[in-house]
Amino acid sequence: MKISNETKVGALTSIAIAILFIGYSFLKGNNVFSSENTFYTEYDNVDGLAVSKPVLVSGFQIGRVSALKLQPNGKIRTEFKINDDYEIPSNSVARIVSADLLGSKAIVFELGNSTTMARDGDPLLSDVQANLMEKVEPLQQKIENLVVKLDSVLSGVNSVMDAEFQRDFKTSVRSIAASLKNLEKITGDVDGLVGSERNRLSNILANMESITTNFKNNNDKINSILSNLDTLSNDLARTEIQQTVDNANQAMKNVQEITDKINNGNGSLSQLIHDEELYQNLNNASASLDQLIKDLSENPGKYLKISIFGKKDTK
């Protein structure tokens, strides 16, 4: 059967019209191939939101914006087409957010916790996320104020740093540079000295290592010697202290005995202290002896007879 050209043209025209209708419906936010639920809300400002923008939940698209209509009260009624496979709690919030840095908008559903699900045609709560520029503008203002203050501070510093101060500063910098050069020279000299004495240093370190190794190997012996010395010093200390204490006790006892004898009237010293008559006799004897010595000194011939020729004195 031969198909006429008119039939072909009519069929192609019908197909084109159907594709045009489907595309137009899709651009308006309608999906003719799936069952969807319609929800709506109202915003004071849609901030650039357009039809066919996606509706997201946790970054996953569940629908799109199907219509925007300005209401007499100045609010914008916004309708959403949501795939009926997804249940939306009745207290969910439809929030306008920035989809990218270029200002493109999208709708994000913040699902509520209600056990009652929204039905086709029910309203939802609305919210608008703060614009990125609104967040940046206060920060920009603060930065501008900070730049102005910083410029003022730098101007003040520049006015303070007069020519004389700058000269002093340059002189200080040159002095620091000279000091660094001297330090570098000293470091070089020290490095050369260390290099020339490297062998001696190595030998000293080797000897120190040998000494420490000997100490380590004879650690037990050293500990034993130190312990013996400690014991010996303790014994000597205890012995000397005990002997000193004993001698002191014995001396105190002797002194106590002598004191007791004197107090009891025993011995010559006690008699001398306690016997008044003995003291008086001794005092008289001392006076007589003193008179005798004085008389002997004044009249020696009275007591001594000296013969010049050896003649015996008959008297």
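The values are calculated or read from the model by the stated rules, or taken from the named source; none is laboratory data. Values in this document were obtained by computation on a predicted structure and should not be read as measured data. In this analysis, Cβ positions are derived from the backbone assuming ideal geometry, glycine residues included, and neighbour counts consider all displayed protein chains. Areas reflect the complete protein model, heavy atoms only, side chains present, ligands, DNA and RNA absent. Shrake-Rupley method; radii C 1.70, N 1.55, O 1.52, S 1.80 Å.
If you go through region 140-164 one residue at a time, how many are under 40 Å from the mean Cα position of the chain (by Cα), open to solvent by 100 Å² or more (accessible area, probe 1.4 Å) and at pLDDT below 70?
Here the count works out to 2.
Taking only region 19-36 into account, find how many residues are part of a helix (DSSP H, G or I), open to solvent by less than 100 Å² (accessible area, probe 1.4 Å) and at pLDDT 80 or above.
Of the residues in that region, 0 qualify.
Name the strands (runs of 3 or more DSSP E) wholly inside region 67-129 in which the number of residues that are open to solvent by 40 Å² or more (accessible area, probe 1.4 Å) is 3 or more. Before the answer, list the steps.
Numbers: elements: 76-83, 93-98, 105-110, 125-128.
In region 67-129, 76-83, 125-128 are the strands (runs of 3 or more DSSP E) which contain 3 or more residues that are open to solvent by 40 Å² or more (accessible area, probe 1.4 Å).
Which residue pairs have Cβ atoms under 8 Å apart, sit 6 or more places apart or on different chains, and have a first residue in region 167-195 that is modelled with pLDDT under 85 and a second that is among the small types (Gly, Ala, Ser) and surrounded by fewer than 10 Cβ atoms within 10 Å (Cβ to Cβ)?
Partner pairs satisfying both residue conditions: none exist.
What about Glu137, is it over 19 Å from Ser35 (Cβ atoms), open to solvent by 80 Å² or more (accessible area, probe 1.4 Å), charged (D, E, K, R) and modelled with pLDDT under 90? It would help to see each step written out before you state the result.
Details: over 19 Å from Ser35 (Cβ atoms): yes; open to solvent by 80 Å² or more (accessible area, probe 1.4 Å): yes; charged (D, E, K, R): yes; modelled with pLDDT under 90: yes.
For Glu137, the condition - over 19 Å from Ser35 (Cβ atoms), open to solvent by 80 Å² or more (accessible area, probe 1.4 Å), charged (D, E, K, R) and modelled with pLDDT under 90 - is met.
Inspect region 209-219 for any residue being at pLDDT below 85 and exposed (fewer than 10 other Cβ atoms within 10 Å of the Cβ) and give the result as yes or no.
The answer is yes, given that some residue of region 209-219 is at pLDDT below 85 and exposed (fewer than 10 other Cβ atoms within 10 Å of the Cβ).
Mind checking whether some residue in region 41-50 is aromatic (Phe, Trp, Tyr), open to solvent by 40 Å² or more (accessible area, probe 1.4 Å) and not in a loop (DSSP other than H, G, I, E, B)?
Let us first name the residues in region 41-50 that are aromatic (Phe, Trp, Tyr), namely 43.
Cutting the leftovers down to open to solvent by 40 Å² or more (accessible area, probe 1.4 Å) gives us none.
Scanning region 41-50, I find no residue that is aromatic (Phe, Trp, Tyr), open to solvent by 40 Å² or more (accessible area, probe 1.4 Å) and not in a loop (DSSP other than H, G, I, E, B), so the answer is no.
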